[in-house]
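Written out below as structure tokens is the structure these notes cover.
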Amino acid sequence: MAPSLNLSATLNITRLLYNPGLCLPHITFKSFDQLALPFQIPTHPDVKIKGVVLDKDNCFAKDHDDKVWPDYDATWSKLKSLYPREHILIVSNSAGTDDDKNHAQAKTLEENTGVSVLRHSVKKPGCLDEIKHYFADQNIKPNEVVVVGDRLFTDMVMANMMGSWGCWISEGVQWSNKVFPKLERDLYQKLVLSRKDNPWTPPIPQTTDQPQSNL
């Protein structure tokens, strides 16, 4: 089955017109094997990350593959040693979606990684409620969750809409010259790197028990 249109991303990207910071990460690493674990937010050292959302394609796995990229095995093992299995959730826009017939890909991915894959009909960033409900069952608040992914318009927008922290994998398993990844890198350059004195910044998650806003 061919991947369906990600209507959620198309609709939510309009939010960036009035708040470009919604697509920006709180921390950035070039690739998954460079993650500093356990997760820390340098600007907010008192924050304790308890839950981890992981994108799949070009994050910890090669595109269209359902196992951890071999070079990342050590980092993957360390991640699983630091966080309980139920505190790590793979959220993909391929495995676990309606494009994944009978969720066969999700099941294979779970067998290969030992980590749960979210089943969701609405693609990122629109599946944030399902993610928040999952972690609520683990007594983990949105501001205690980090979303790790290689896409600004889906992964980082979702992290900020959730009231969570975003960790951007800026290069991934393979450098991508596809239209949207290139557009995202160009936008990051304009919003952050080219504005040394006044860069755009992402929203800061609430650290109180006040209701989170979807912005």
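What the table shows:
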quantity	calculated
Lone unmet requirement of (1) buried (at least 17 other Cβ atoms within 10 Å of the Cβ); (2) farther than 25 Å from residue 161 by Cβ for residue 85	(1)
The listed residue being within 13 Å of residue 27 (Cβ to Cβ), in contact (Cβ under 8 Å) with a residue 40 or more places away in the chain and either of a type in the set (S, T, N, Q) or open to solvent by 20 Å² or more (accessible area, probe 1.4 Å) (or both), out of 146, 192	192
Some residue of the range 121-132 being touching a residue at least 24 places away in the same chain (Cβ under 8 Å), more than 20 Å from residue 80 (Cβ to Cβ) and of a type in the set (Val, Ile, Thr)	yes
Residue check for residue 37: under 23 Å from residue 144 (Cα atoms), open to solvent by less than 50 Å² (accessible area, probe 1.4 Å) and touching a residue at least 12 places away in the same chain (Cβ under 8 Å)	yes
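The values are calculated or read from the model by the stated rules, or taken from the named source; none is laboratory data. Fair warning: this is a prediction, and the values are worked out from it, not measured in the lab. No Cβ is skipped: glycine too gets one built from the backbone with ideal geometry, and neighbour counts run over all protein chains shown. Protein only, heavy atoms only, side chains kept; ligands, DNA and RNA dropped before computing areas. Shrake-Rupley method; radii C 1.70, N 1.55, O 1.52, S 1.80 Å.
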